[in-house]
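Each remark here refers to the structure printed beneath this line.
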Amino acid sequence: MHPFDDGNGRIARAVGDLLLARADGSPQRFYSLSVQIQRERRAYYDILERTQKRSMDITEWLAWFLDTLRRAVDPAQDTLEGVLTKARFWQRWAGTPLNERQVKLLNTLLDGFEGKLTSSQWAAVAKCSSDTALRDINDLLARGVLQKSAAGGRSTSYVLVDVPRERRP
């Protein structure tokens, strides 16, 4: 059914998002099926065409739809897990006095810092001297917030002590 000359698909996707929002029963949504379909629009049009030109058996389309919905929800779930991990970390260390540089670098690590954190990288990110960076790091090592990675010497780098993450059901 195509009631309009143009925009039928957009309207159908918007109605789909509306119905999912109502089904969630929550005023906040952290995923969008229509955005995910837009990302995969080539596959979307392919599955629509196959479904319309064959026997009108919608089983393949339903499987595609549910898989696409999962791909829309998964990144939101990952983001939520990251936020909860960060919240648990800061709850655990709430009573520990930290300076601004330490807070900044710990947040950087919690946000998924790529690579290995060395004292020179700490100094560059925190905009401080190497000596200050090393004092900050040694303080966090002594408190048990950071630990040295296995490599030593010039390859010494630092990582957060394991932060528990919740497991998906």
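Here are some notes:
- Every residue from region 1-45 that is modelled with pLDDT of 80 or more and among the basic types (Lys, Arg): 22, 39, 41, 42
- A single member of 63, 142, 150 is under 28 Å from residue 24 (Cα atoms), small (Gly, Ala, Ser), loosely packed, with under 12 Cβ neighbours inside 10 Å and without any contact (Cβ under 8 Å) to a residue 12 or more places away in the chain, and it is 63.
- Consider region 66-82 and keep the residues that are polar (S, T, N, Q) and surrounded by 13 or more Cβ atoms within 10 Å (Cβ to Cβ). The one that is modelled with the highest pLDDT is 68.
- Yes/no for residue 65 being assigned to a helix (DSSP H, G or I) and at negative phi: yes
- Take the conditions (1) within 21 Å of the chain's Cα centre (by Cα); (2) surrounded by 12 or more Cβ atoms within 10 Å (Cβ to Cβ); residue 87 misses just one of them, which is (2).
- The residue pairs whose first member lies in region 109-129 and is closer than 21 Å to residue 162 by Cα, whose second member is among the aromatic types (Phe, Trp, Tyr) and in a helix (DSSP H, G or I), and whose beta carbons are closer than 7 Å, counting only pairs six or more residues apart or on different chains, are 110/89.
The values are calculated or read from the model by the stated rules, or taken from the named source; none is laboratory data. Source: prediction; values computed, not measured. For neighbour counting, all protein chains shown are included, and Cβ atoms are generated from backbone atoms with ideal geometry for every residue, glycine included.
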